[in-house]
Amino acid sequence: MTTKILIIEDNQDIRENTAELLELSGYAVDTASDGIEGVRMAKIGKPNLVICDIMMPHLDGFGVLQVFANQPELATIPFIFLTAKTDHADMRKGMEMGADDYLTKPFQEVELLRAIESRLKKQQTNFAATDSRDDLVVAQQAIDFLDFEKFPNDKKQQQLAKKQLVYNEGDMPTRLFYLVKGKVKTYHTNRDGKYFITSFVKPGEFFGFVDLLENQAFRESAETLEDATVLSIYAKDFMEKMKENIHVEIYFRKALTNYLLKNESILFSMAYQSLRKRVAQALVELVKTYGNNQEGPVVMKLSREDLASRVGTATESVIRTLSDFKKEGLIEVKGAELTILHADKLANLKY
């Protein structure tokens, strides 16, 4: 069967020249002139590989890759960025989001063909490994791994008290962590000693994998918000499991993308939204994280300092805003205990 490649590129000359090169090399080629058309064609045509520009109208290349990552039928298709954006931050963003390769324009024809051959060969190797066992067995192995409490291999269990460090910013990741019970926050500390909470972890979630996947020192610390039970395995064992099972790799690549997009949204909010909306957004996030999908009021304990560090403001400002929300009947406050009465109204504040 002829290998099919989809080119998503808004520049007509580049699109046609690249298509001609690939057709002369024996590939079947589909083309799309923007991101939305490209996603539609991918769903219909199921290409073996995608070459995508970044700067495009309607939906840019990062948006296309995000759609692919969230669609099971598209998530495993090799994805190569071909773009004029040469900034290191753009390249890193593309790779963090799960792109398989990143080539810059102008490119050498042989460079593109080698990248395509390499990615297709890697995909075939993964499929061969999968085909040598039953697909359902491979999928079940991924489920068994992600159901970490029942994971049969060696793992370490820790009972940690409130405010106890799990790992420290600046250390090299040596383990993958999973929260069985309790609550955990991750946070980054600046040079002045002030900290910004980067995420809240709930039972059933993995944490500490962001820097582990990038093979760099932790850019954040993890600390328990209450007594907690944490499981962990060696980073080496985790990376081997990723290589063995594509379903596990897809899960953690998606988790990495979601983590980055969520914090990008928080930083955007801090830059452009009012303090009221930022505090409201943080409270809604806590409801979604620790509310167990329950309807009605949600009760939780969180220090005003921690809430302020997630919002990016002074503790006194958070206290005043909570007081306003209390007067408006959106929350109740009793010591360190917060009761979120109307998460929907907090989510839809107009100012």
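DSSP beta bridges fully contained in the stretch 160-287 are about 100 percent antiparallel. Distance between the C-alpha centers of the stretch 302-351 and the stretch 172-217? Whole Å please. Cα centroid to Cα centroid, the span is 24 Å. Listed cross-link partners LYS254/LYS301; LYS194/LYS345; LYS162/LYS345; LYS185/LYS334 are compared with a 25 Å cut-off, the Cα-Cα value being larger for LYS254/LYS301; LYS194/LYS345; LYS162/LYS345. The apolar share of the surface of the stretch 176-333, taken as the fraction of accessible area on carbon and sulfur atoms (1.4 Å probe, ligands and nucleic acids excluded), comes to 50 percent. Out of every Cα-Cα pair that the stretch 209-297 contains, those further apart than 20 angstrom amount to 56 percent. In the stretch 1-50, one over the average inverse separation of all distinct C-alpha pairs is 10.7 Å, which is the Kirkwood hydrodynamic radius. Looking at the chain, the accessible area is 53 square angstrom per residue; that uses a 1.4 Å probe and ignores ligands, DNA and RNA. Derived value for the stretch 41-82: Kirkwood hydrodynamic radius 10.4 Å. Basis is the mean of 1/r over every pair of different alpha-carbon atoms. At the listed q of 0.09, 0.12 Å⁻¹, the Debye profile of the chain, built from one uniform point per Cα, gives log10 I(q)/I(0) equal to -0.61, -1.00.
Taking the Kirkwood radius as Rh and the Cα radius of gyration as Rg, the stretch 292-351 has a ratio of Rg/Rh equal to 0.95.
The values are calculated or read from the model by the stated rules, or taken from the named source; none is laboratory data. The model shown is predicted, which means the values in this text are computed figures rather than measured ones. Side chains are part of the model used for accessible areas, which takes the heavy atoms of the whole protein and leaves out ligands, DNA and RNA. Shrake-Rupley method; radii C 1.70, N 1.55, O 1.52, S 1.80 Å.
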